[in-house]
Amino acid sequence: MAVTVYEGGCLCGQIRFRATGPVGWPHTCSCRMCQRHSGALTLAWAEFPRDRVQWTGPGGAPATWRSSDKSSRAFCPTCGSTLGAIDDGPVVALVIGSFDAPNRKALAPVGHSYVSRRPRWWHVAIGDTPGA
Ligand SMILES: [Zn+2]
Ligand SMILES: [Zn+2]
């Protein structure tokens, strides 16, 4: 069976990743931490086991900032792009906006975390309900 490869990276190209599928729990999140981390009102995430993610760009692994007692946020130290979250557990979550081909079906979110934290005027189709 062919292995599905997902590649992506930051705005400047210093940090690149190569992840192999299957994709775990693609979802959107509108928590305040995601909002502050990215400046976006909602982030879209795809999860991979740590051993299926390689950092392949000239800058190597991304810079990290310890954001909770179990996870660090990852970003490019050169251009500042948001790249993901590296958990202490075996999971690396990558933001779907950094993928080279975000329009792949396997990346379509199946849930929306912290939907109540998005502004009322901001709507995301998945998990969103009018007036929520
Ligand atoms: Zn960069
Ligand atoms: Zn979040």
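Let me spell it out: the conditions are (1) hydrophobic (A, V, I, L, M, F, W, C); (2) more than 16 Å from ligand 1 (Cβ to nearest atom); (3) open to solvent by 50 Å² or more (accessible area, probe 1.4 Å), and Leu43 meets all of them except one. Which number is the exception? Failed condition: (3). Testing Glu47 on (1) more than 13 Å from ligand 2 (Cβ to nearest atom); (2) of a type in the set (Asp, Glu); (3) within 12 Å of the chain's Cα centre (by Cα), one condition comes back false. Which one is that? It fails just one condition, (1).
Leu83: under 22 Å from Ile126 (Cα atoms) and part of a loop (DSSP other than H, G, I, E, B), yes or no? No: the conditions fail for Leu83. Against the numbered list (1) among the aromatic types (Phe, Trp, Tyr); (2) touching a Leu at 6+ places or on another chain (Cβ under 9 Å); (3) surrounded by fewer than 13 Cβ atoms within 10 Å (Cβ to Cβ), Trp121 comes up short only at (2). Looking only at the stretch 14-27, residues that are in a loop (DSSP other than H, G, I, E, B) and surrounded by 14 or more Cβ atoms within 10 Å (Cβ to Cβ) come to 4 in all. Checked against (1) over 20 Å from Val124 (Cα atoms); (2) open to solvent by less than 60 Å² (accessible area, probe 1.4 Å), Ser30 passes all but condition (1). Within the stretch 102-113, the only residue that satisfies the criterion of being open to solvent by less than 30 Å² (accessible area, probe 1.4 Å) and among the aliphatic types (A, V, I, L, M) is Leu107.
Checking each residue in the stretch 58-101 for being away from ligand 1 (no atom under 16 Å from the Cβ) and surrounded by 13 or more Cβ atoms within 10 Å (Cβ to Cβ) picks out Ser67, Ser71, Ser72, Ala85, Ile86, Asp87, Val91, Val92, Ala93, Ile96.
Close contacts from the stretch 77-105, counting a first residue that is farther than 16 Å from Thr64 by Cβ and a second that is in a loop (DSSP other than H, G, I, E, B) and open to solvent by 50 Å² or more (accessible area, probe 1.4 Å), with Cβ to Cβ under 7 Å and a gap of 6+ residues or different chains, come to Ile96/Pro102. Considering the stretch 67-85 alone, what residues qualify as being within 16 Å of ligand 2 (Cβ to nearest atom) and either hydroxyl-bearing (Ser, Thr, Tyr) or at pLDDT below 95 (or both)? Hits for the stretch 67-85 are Ser67, Ser68, Asp69, Lys70, Ser71, Ser72, Thr82.
The values are calculated or read from the model by the stated rules, or taken from the named source; none is laboratory data. Please read all numbers here as calculations on a predicted model, not as lab measurements. So basically every Cβ, Gly included, is an ideal-geometry build from the backbone, and we count neighbours across all protein chains shown. SASA here: full protein model, heavy atoms, side chains in, ligands and nucleic acids out. Shrake-Rupley method; radii C 1.70, N 1.55, O 1.52, S 1.80 Å.
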